[in-house]
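What follows is a single structure, written as structure tokens, with notes after it.
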Amino acid sequence: MAAYGEGWLAVVIGAALLLVLLVAIVAAALRARRRRHDATAVARCWGLIAEALVVRQRVSGQIDAATYQARMNDLVAGGRR
């Protein structure tokens, strides 16, 4: 019975370490998810900037309708790769 009386401390320490490990894994997973989301947002932003530049060129008359259509198609194709 004396061995059992001393073992509870090891069980408590083991449970605490398991809880710390679980919290660390969940935190790492959430950070990785946020990082992927941020990367997607940046890529989307670059796509919108490129599209805005093409539209500005078309509206200002710097490019014709065929060139505008080709560049927009290139932007769409680039987003699918």
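Go through the residues of region 23-41 one by one and say whether even a single one is on the phi < 0 side of the Ramachandran plot, hydroxyl-bearing (Ser, Thr, Tyr) and loosely packed, with under 10 Cβ neighbours inside 10 Å.
no
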Exercise. Could you say whether any residue in region 6-15 is among the charged types (D, E, K, R) and either within 30 Å of Asp74 (Cα to Cα) or surrounded by 10 or more Cβ atoms within 10 Å (Cβ to Cβ) (or both)?
Worked result: no
Problem set entry | Single residue of region 48-81 satisfying the filter (among the β-branched types (Val, Ile, Thr) and either over 30 Å from the mean Cα position of the chain (by Cα) or in a loop (DSSP other than H, G, I, E, B) (or both)) that is surrounded by the most Cβ atoms within 10 Å (Cβ to Cβ) | Ile63
For this session: Report whether or not Arg33 is among the basic types (Lys, Arg), modelled with pLDDT under 90 and in a helix (DSSP H, G or I).
Result: yes
Seminar exercise, completed: For Ala27, the lone unmet condition from (1) of a type in the set (Gly, Ala, Ser); (2) more than 33 Å from the chain's Cα centre (by Cα); (3) in a helix (DSSP H, G or I) is (2)
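The values are calculated or read from the model by the stated rules, or taken from the named source; none is laboratory data. All figures in this text were calculated on a predicted structure; none of them were measured in a lab. Positions of Cβ are backbone-derived with ideal geometry, glycine not excepted, and every protein chain shown enters the neighbour counts.
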